[in-house]
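Comments concern the structure below.
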Amino acid sequence: MFSVPVRYVEPVFRPPSEGQSLILPVTDGCSWNRCAFCEMYTAPQKAFRARDEAEVMETIRRCGERFGGEVKRVFLADGDATVLPTRRLLAVLDAIREHLPGVRRISSYCLPRNLRKKSQEEVNALAVAGLSMVYVGAESGDDAVLAAVNKGETFDSTRAALDKLGAAGIVRSVMILNGLGGQALSAQHADESARLMNATQPEYLSTLVVSFPLGEERFRVAFPGWAPLDRHGLFVELERFIGALALKRTVFRSDHASNWLPLKGTLGADKARLLGELRRAIETPAAAPLRPDWARGL
């Protein structure tokens with residue numbers, strides 16, 4: 001992590017793979033911030049706002065003065081930088097290219113809803129200007145699950161956004177939440193999430209286990225009938241999800257700290273191996289390389 005002349009509003013979040021990136025806030029918080037499962041932007045100081053454009057430009061200029069060509073990756077924070085108007089995003093991307101000439105990858109989180117008002121031509125322009133990768137928290141492909149957790153999205157809205165990004169050549173890293181539908185909706189959560197991935201063929205796919213470090217009360221108010229899956233149930237759901245995937249060249253990761261069983265591979269080349277590892281964990285968990293409880297702290 002670089003020591004940079006940037007005004008950060010704590011806490012700052014970024015994907016694990018952006019650990020060596022310059023974290024450049026262009027917004028604070030999340031413009032939706034109503035997902036019942038999410039604890040990332042609930043602090044009062046993280047109320048959503050777009051950063052002042054002049055401040056962002058000055059920050060980029062000062063980073064350029066300090067680091068020159070040393071910075072190779074930039075992550076546009078906070079929760080959904082793509083909510084900004086295309087004109088403002090293009091100005092940010094142009095400034096990065098001018099002041100940070102060593103940058104080879106610019107990425108951000110992206111809510112599917114952010115792309116509804118952006119035309120394909122606008123998304124194409126963002127790609128040409130340097131936005132090369134986005135992280136999309138799809139969470140589920142099942143409309144009932146999405147409604148229950150107040151995601152504000154549907155199968156169709158998420159698919160439309162992923163298709164728009166894919167058509168522009170922007171790399172898509174998609175996340176699904178294992179266990180989000182609870183016991184009652186587990187099967188359809190797995191099936192519809194797989195259908196969404198098959199329809200969009202993202203370049204990267206990861207699964208995390210739904211968890212609540214700050215407690216479940218807020219989530220249960222929104223989803224009162226939710227009954228959590230135990231470890232066995234999570235493995236069964238994940239096996240069903242992976243088993244239904246028909247992906248061609250998607251890098252798959254299930255190695256976040258929330259996951260009991262770390263899994264890595266490429267789908268579809270490694271599908272049989274991944275399913276085999278899951279089946280062993282289901283049938284003989286004592287012999288599987290599972291994380292101990294203490295290693296799953298978030």
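Condition check: without any contact (Cβ under 8 Å) to a residue 12 or more places away in the chain and assigned by TED's automatic domain parsing to the domain that holds Arg296. Does Pro213 satisfy that? No: the conditions fail for Pro213.
The lone criterion from (1) crowded, with 19+ Cβ neighbours inside 10 Å; (2) over 16 Å from Ile176 (Cβ atoms); (3) among the β-branched types (Val, Ile, Thr) left unmet by Thr207 is number (2).
Across the stretch 228-244, which residue is nearest to Gly215 (Cα to Cα) among those that are surrounded by fewer than 20 Cβ atoms within 10 Å (Cβ to Cβ) and in contact with a Lys or Arg (Cβ under 9 Å, 6 or more places away or on another chain)? Filtering first and then ranking leaves Glu239. For the stretch 46-74, the set of residues classified as part of a loop (DSSP other than H, G, I, E, B) and under 13 Å from Leu24 (Cβ atoms) consists of Arg51, Val71, listed by residue number.
Condition test on Gly152, is it part of a loop (DSSP other than H, G, I, E, B), farther than 30 Å from Pro5 by Cβ and modelled with pLDDT of 95 or more? Explain how you work it out, then say what you get.
Values: part of a loop (DSSP other than H, G, I, E, B): yes; farther than 30 Å from Pro5 by Cβ: yes; modelled with pLDDT of 95 or more: yes.
Yes; evaluated as a whole, the condition is true for this residue.
Would it be correct to say that Val236 is β-branched (Val, Ile, Thr), in a strand (DSSP E or B) and under 20 Å from Gly141 (Cβ atoms)? Criteria not met by Val236. Count of the stretch 13-45 residues, restricted to those that are under 20 Å from Ala257 (Cβ atoms), under 15 Å from the mean Cα position of the chain (by Cα) and part of a loop (DSSP other than H, G, I, E, B), is 10. The set of residues from the stretch 75-114 being in a helix (DSSP H, G or I) and farther than 11 Å from Leu126 by Cα comprises Ala81, Val83, Ala95, Ile96, Arg97, Glu98, His99, Pro112, Arg113, Asn114.
Considering the stretch 158-197, the residues that are small (Gly, Ala, Ser), more than 18 Å from the chain's Cα centre (by Cα) and not in a loop (DSSP other than H, G, I, E, B) include one that is surrounded by the most Cβ atoms within 10 Å (Cβ to Cβ), namely Ser186. Check the stretch 66-75 and report whether any residue there is out of contact with any Gly (no Cβ under 9 Å at 6 or more places or on another chain), modelled with pLDDT under 95 and assigned by TED's automatic domain parsing to the domain that holds Pro15. Scanning the stretch 66-75, I find at least one residue that is out of contact with any Gly (no Cβ under 9 Å at 6 or more places or on another chain), modelled with pLDDT under 95 and assigned by TED's automatic domain parsing to the domain that holds Pro15, so the answer is yes.
The values are calculated or read from the model by the stated rules, or taken from the named source; none is laboratory data. Quick caveat, the model's predicted, so the values are computed rather than measured. Because the Cβ atoms are built from the backbone with ideal geometry, glycine has one as well, and the counts that use them run over all protein chains shown.
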